[in-house]
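Undergrad: Quick one: the structure is below, and I'll ask about it shortly.
The values are calculated or read from the model by the stated rules, or taken from the named source; none is laboratory data. Please read all numbers here as calculations on a predicted model, not as lab measurements. Glycine also receives a Cβ, built like all others from the backbone with ideal geometry; neighbour counts cover every protein chain displayed. Remember, those area values only see protein heavy atoms, side chains included, never the ligands or the DNA or RNA. Shrake-Rupley method; radii C 1.70, N 1.55, O 1.52, S 1.80 Å.
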Amino acid sequence: MGITLLSFCFLILANVECGNPIYFNIGGVLSNNESISHFKEIIAHLNFVHQYVPRGVTYYATAMKIDANPIRTALNVCKLLISQRVYAVVVSHPLTGDLSPAAVSYTSGFYHIPVIGISSRDSAFSDKNIHVSFLRTVPPYSHQADVWVDLLKHFNYLKVIFIHSSDTDGRAILGRFQTTSQSHDDDVEIKIQVESVIEFEPGLNNYTAQLYEMKDAQARVYLLYASKKDANVIFKDAAALNMTYAGYVWIVTEQALDVQNVPIGAIGLKLVHATDERAHIQDSIYVLASALRGMNQTKNITEAPKDCDNSGSIWETGKTLFEYIRNQVLIKGATGMKVAFDDNGDRINAEYDIVNVQGPSNHTSVGTYTYDPKTDKMRLAIADNKIIWPGKVHTKPEGFILPTHLKVLTIEEKPFVYTRLLKDDDKNCTADEIKCPHFNSTNDPGEMYCCRGFCMDLLKELARTINFTFDLALSPDGQFGNYIIKNSSAGGKKEWTGLIGELVNDRADMIVAPLTINPERAEFIEFSKPFKYQGITILEKKPSRSSTLVSFLQPFSNTLWILVMVSVHVVALVLYLLDRFSPFGRFKLANTDGTEEDALNLSSAIWFAWGVLLNSGIGEGTPRSFSARVLGMVWAGFAMIIVASYTANLAAFLVLERPKTKLSGINDARLRNTMENLTCATVKGSAVDMYFRRQVELSNMYRTMEANNYNTAEEAIHDVKIGKLMAFIWDSSRLDFEAAQNCELVTAGELFGRSGYGIGLQKGSAWADAVTLAILDFHESGFMESLDNKWILQGNVQQCEQYEKTPNTLGLKNMAGVFILVAVGILGGIALIIIEMAYKKHQIRKQKRMELARHAADKWRGVIEKRKTLRATIAAQRRLKSNGLPETGVSLSVEALPRGVIDLPSPVRAWSGMRQRGISELPNLPA
């Protein structure tokens, strides 16, 4: 049984998925009977086109005429179409009334039956929350914004005024225009600016107030979206204000183009095949058939709903079929090339004619907007020479009115802008100054300042060259501007402050100041070409060379000094030894009188070595031997080299040395290392601050310096001068100026973050090209170089360089150590002589004590000798008596000796000693 059923499927249904329907009803809700006939005819012919309809599948047409009453239309859809199980509905627009297609979409969408519109262009049908299953082969009115963007870029109109009604279509076309104009693929650098948006309530009888607002704007290109009724009134009021004549440009939508009083020269769009229902019916049916064919091969298709009374029935196949239809692409359709849909089911790649109003009933096509298969994009082609512009002129208008009196803002920043407060007795600025009150100042509106400097000379030359007048004012908050969140607690949005904020909010026309060009600012304002190229650098105070008491020792390292000291004493010792042991030394040679010369002792050798080294002259105590003298000559050569080297290096250290910088640049490890105690800062919200914020590799450094950042550059530079801030990171032009003014300041390292200073203008300003061309001319003519020499360099760079080359004058702080050394020598000599005197006194006292002791010993020894002599005499007399000699012979009594003999210590001691050694005979005493 299963095999039979399978064979039947293959034989009867051919390529049709087994189980899927073999016939499909297609519903049509059309505007007239002719369209209904076309609808049925096309479906009947479709059944024979096997490219779209597989064998065994048949399409049937079920059509009805649309009713102007949306309720009757909805009832008829249920009664005549849904009851017939239609798989999709093709709907047109009624001749009168606007809600009938919506009724068809609501009714069919309730069951997810796809609806393909062929004439409904309201933007409301793009909302898939309401029209869940609606597609269309015509684009909504809002898609004309895509063509407008290409038109404006073709004519180079980059500043426009947008006029639209306050309804769904008006807001939709504005939103699409703003999105497309800022993200166009062809020219990403060209952005169209909407200077003003004029939104009006539909149905008014007078639009003069809105037109007056447009008249005061710079742009003269008007983009208009309005219904025929509103456009008629707008054109009437614009003509009364002379806003439809030469110098103005009107680009309008299809509805406004059909108005009888549309201005001559206006340019509008006409959708190709917009009223050709047969072509749209054909494309919609073929797209539907292509979707059903693809779905039939891959999906299980269930029968369509047939009862509107069953509110709980949701047709899942209808959802899938809607997606299949939306993804279809019809390469060659009856309504144009590449019929396709976007995510909202709206037709894309729709073709338009560019229409130029050349007379009351003369609408001439001057271009096309068609699909280009080669680039797979839409292409605009316009014959410019065929266009007649408002005022019946053939020359394209400029598209803007150039104001000749500008509001110019600046900011105090030396040397570019100097300010001076006018006193009560001085109400006029000098010839090189310009009056510059604070912009919108409420603190003291009576205060008046005068500005001069680099930028003021540039502003005056610009005004003279490109012919404009101006009112100059200072920044309201003293800041260049920062992109911050205002009223963050109340869910505020990001806004620019300072100079940039005034320009972005159209409260000023131009900024002439040292305004750094960077991506953050360029997104919101226009910049001229740089009038000065510069970068970022680091300002610091020159490190003062620390002069210590031992500065005179700097030429040699500690090791070398120690080696010199050791060498002196080693050489002295060797000299002593050589002279001591040489056969020709003083120790071996005697004078003619038989005495030796004074020998070269160790003290004399040390004195000789020091004398040679210090070139102090050599007195007594020179080496005598040949070997010692050879060593002395070598030592003299060594001393000459050492002294000459010391002298030369001392000059380099004490006279010519000038320290430059502490830091090597932005890559210095001390800046990158957040743990080091090195304070660096910049100005809050400045271009330098923005640069650090966007550099990932500098994030650690930025977090450290963020807490130290200053409000103004003046405060930071002052703190660098007094040593409170070690490094100030800022624009190189300003810091080079400060370094030229004060030779104690210096810039460190190479420039980084290179950029330039530019003139700030409003986005799309008509003055941008003129200002840029003038600045380029100033560079070529040498005017910018003259401003550099006058305001920035001021001749002081050469003075600082000359100062750098001038040797330092040595002072007491440089040579204090030498004087202290002399003082130490004097004090040392005084101390030594005191020690010598004390030692001499001690020696004298010791000698006296020795003399007293010796005298006492001599007296004691004399008494002893006297007693010994007496005993010897008595003994002698006794021997004589015993021998029979008379006692009156020789008297050897001590008393008989002269008294002086006893008092002479040496003979007595000698004799006493001889007696002790056993010598009994008396020596011959001197007379």
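Undergrad: Tell me which residues, restricted to the stretch 642-691, are among the hydrophobic types (A, V, I, L, M, F, W, C), at pLDDT 70 or above and open to solvent by 40 Å² or more (accessible area, probe 1.4 Å).
TA: 643, 644, 648, 651, 652, 669
Undergrad: Please give the strands (runs of 3 or more DSSP E) falling wholly within the stretch 435-532 in which 3 or more residues are of a type in the set (S, T, N, Q), more than 24 Å from residue 733 (Cβ to Cβ) and modelled with pLDDT of 85 or more.
TA: Qualifying strands (runs of 3 or more DSSP E): none found.
Undergrad: Looking only at the stretch 214-234, filter to residues that are touching a Ser or Thr at 6+ places or on another chain (Cβ under 9 Å) and part of a helix (DSSP H, G or I); which one of those is modelled with the lowest pLDDT?
TA: 214
Undergrad: I'd like the residue in the stretch 154-166 that is touching a helix residue (DSSP H, G or I) at 6+ places or on another chain (Cβ under 9 Å) and open to solvent by 10 Å² or more (accessible area, probe 1.4 Å) and, out of all such residues, is modelled with the highest pLDDT.
TA: 154
Undergrad: Report, by residue number, each residue of the stretch 80-121 that is open to solvent by less than 30 Å² (accessible area, probe 1.4 Å), out of contact with any helix residue (DSSP H, G or I) (no Cβ under 8 Å at 6 or more places or on another chain) and not aliphatic (A, V, I, L, M).
TA: 109 - this is the single residue of the stretch 80-121 that is open to solvent by less than 30 Å² (accessible area, probe 1.4 Å), out of contact with any helix residue (DSSP H, G or I) (no Cβ under 8 Å at 6 or more places or on another chain) and not aliphatic (A, V, I, L, M).
Undergrad: Quick check on my filter: what residues within the stretch 415-433 are exposed (fewer than 12 other Cβ atoms within 10 Å of the Cβ) and in a strand (DSSP E or B)?
TA: 421
Undergrad: Something else about it: Assuming residue 725 fulfils every condition listed in (1) crowded, with 18+ Cβ neighbours inside 10 Å; (2) part of a helix (DSSP H, G or I) apart from one, which condition is it?
TA: Failing condition for residue 725: (2).
Yes/no matrix, rows are residues, columns are (1) open to solvent by 40 Å² or more (accessible area, probe 1.4 Å); (2) part of a helix (DSSP H, G or I):
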{"position": "197", "(1), (2)": "yes, no"}
{"position": "202", "(1), (2)": "yes, no"}
{"position": "206", "(1), (2)": "yes, no"}
{"position": "212", "(1), (2)": "yes, yes"}
{"position": "243", "(1), (2)": "no, no"}
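Undergrad: Give the residue, chosen from 744, 750, that is under 17 Å from the mean Cα position of the chain (by Cα), acidic (Asp, Glu) and open to solvent by 20 Å² or more (accessible area, probe 1.4 Å).
TA: 750
Undergrad: State whether the residues of the stretch 304-323 include one that is under 24 Å from residue 354 (Cα atoms) and charged (D, E, K, R).
TA: No: zero hits.
The rows are residues; the columns are (1) open to solvent by 30 Å² or more (accessible area, probe 1.4 Å); (2) part of a helix (DSSP H, G or I).
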site	(1), (2)
259	no, no
262	no, no
269	no, no
275	yes, no
282	yes, yes
289	no, yes
292	no, yes
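Undergrad: Turning to a different aspect of this structure: Regarding the stretch 178-195, can at least one residue be identified that is closer than 25 Å to residue 379 by Cβ and open to solvent by less than 20 Å² (accessible area, probe 1.4 Å)?
TA: Yes, the stretch 178-195 contains at least one residue that is closer than 25 Å to residue 379 by Cβ and open to solvent by less than 20 Å² (accessible area, probe 1.4 Å).
Undergrad: Can you tell me which residue in the stretch 66-99 is farthest from residue 322 (Cα to Cα), limited to those that are within 60 Å of the chain's Cα centre (by Cα) and modelled with pLDDT under 90?
TA: So the residue we want is 98.
Undergrad: Moving to a separate point now. For residue 618, work out the one condition from (1) at pLDDT below 75; (2) surrounded by fewer than 12 Cβ atoms within 10 Å (Cβ to Cβ) it doesn't fulfil.
TA: (2)
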